[in-house]
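Asks: The structure is given below, and queries will be raised subsequently.
Derivation of every value follows stated rules applied to the coordinates shown; laboratory data play no part. Quick caveat: nothing in here was measured; it's all calculated off a predicted structure. Because the Cβ atoms are built from the backbone with ideal geometry, glycine has one as well, and the counts that use them run over all protein chains shown.
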């Protein structure tokens with residue numbers, strides 16, 4: 001499974017398994033009721049000592065904007081790496097996307113109302129995806145998110161729909177990566193704040209990934 005057509009067929013079956021009907025339209029899957037299009041593409045990365053790594057990009061076209069979520073996949077063979085990346089998509093972002101654009105009753109996300117730029121906004125939050133050996137302290141799973149939440153609430157965001165991805169990784173007590181992206185672009189101020197956060201340290205590798213969508217003030221979600 002390496003071509004856009006093969007990835008799109010997988011996505012089509014995945015959405016339809018959740019009761020969301022899609023129709024192939026060129027290199028896209030079209031969801032007529034919601035006015036949304038989706039596709040996926042695989043990019044190869046240089047071979048590493050631990051195996052083959054690929055990048056999976058999932059694109060969601062919303063009007064004249066395109067949401068892009070990227071996932072790494074690792075495996076001994078390319079197909080194994082692709083399946084790993086697809087599983088990361090399912091675990092981290094699929095239900096945020098379905099809840100935001102197709103099914104407001106999706107129970108596999110958290111919905112909260114935040115005051116951002118003086119307005120109430122619906123925020124759809126996915127599960128935290130982890131890799132490696134995550135420290136067991138309960139504070140790890142709440143304190144960093146509360147810090148991120150505070151930063152987002154204090155940000156100056158437009159009334160449009162926005163999507164945010166947070167990724168953090170460390171090993172041997174050293175930060176390997178801290179990435180915060182807003183609408184596909186590095187959100188430099190928030191990224192710097194999160195990089196400076198007092199994260200738990202461990203000799204073992206661990207990473208955390210979180211995806212959320214802030215619905216626009218006039219966002220209409222398709223209802224089944």
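Asks: Residues to consider are 91, 113, 53; find the one that is closer than 30 Å to residue 155 by Cα and more than 14 Å from the chain's Cα centre (by Cα).
Replies: Working: 91 fails: more than 14 Å from the chain's Cα centre (by Cα); 53 fails: closer than 30 Å to residue 155 by Cα.
The unique qualifying residue is 113.
Asks: Among the numbered criteria (1) more than 22 Å from residue 135 (Cβ to Cβ); (2) more than 20 Å from the chain's Cα centre (by Cα); (3) exposed (fewer than 12 other Cβ atoms within 10 Å of the Cβ), which single criterion is violated by residue 188?
Replies: Every listed condition holds for residue 188 apart from (2).
Asks: Whether any residue in region 125-143 is touching a helix residue (DSSP H, G or I) at 6+ places or on another chain (Cβ under 8 Å), surrounded by fewer than 19 Cβ atoms within 10 Å (Cβ to Cβ), over 28 Å from residue 57 (Cα atoms) and touching a residue at least 60 places away in the same chain (Cβ under 8 Å) is what I want to check.
Replies: No: zero hits.
Asks: Here's something else I'd like to know. Looking at (1) assigned to a helix (DSSP H, G or I); (2) without any contact (Cβ under 8 Å) to a residue 40 or more places away in the chain, find the lone condition where residue 73 falls short.
Replies: Checking residue 73 against (1) assigned to a helix (DSSP H, G or I); (2) without any contact (Cβ under 8 Å) to a residue 40 or more places away in the chain, the one that fails is (1).
Asks: In addition: Checking residue 160 against (1) crowded, with 19+ Cβ neighbours inside 10 Å; (2) within 30 Å of residue 30 (Cβ to Cβ), which single condition isn't satisfied?
Replies: The single condition residue 160 does not satisfy is (1).
Asks: Would you please list the contacts, defined by Cβ atoms under 6 Å and residues six or more apart or on different chains, that run from a residue in region 187-202 that is in contact (Cβ under 8 Å) with a residue 60 or more places away in the chain to a residue that is part of a helix (DSSP H, G or I)?
Replies: Pairs that qualify, where the first residue is in contact (Cβ under 8 Å) with a residue 60 or more places away in the chain and the partner is part of a helix (DSSP H, G or I), are 200/140.
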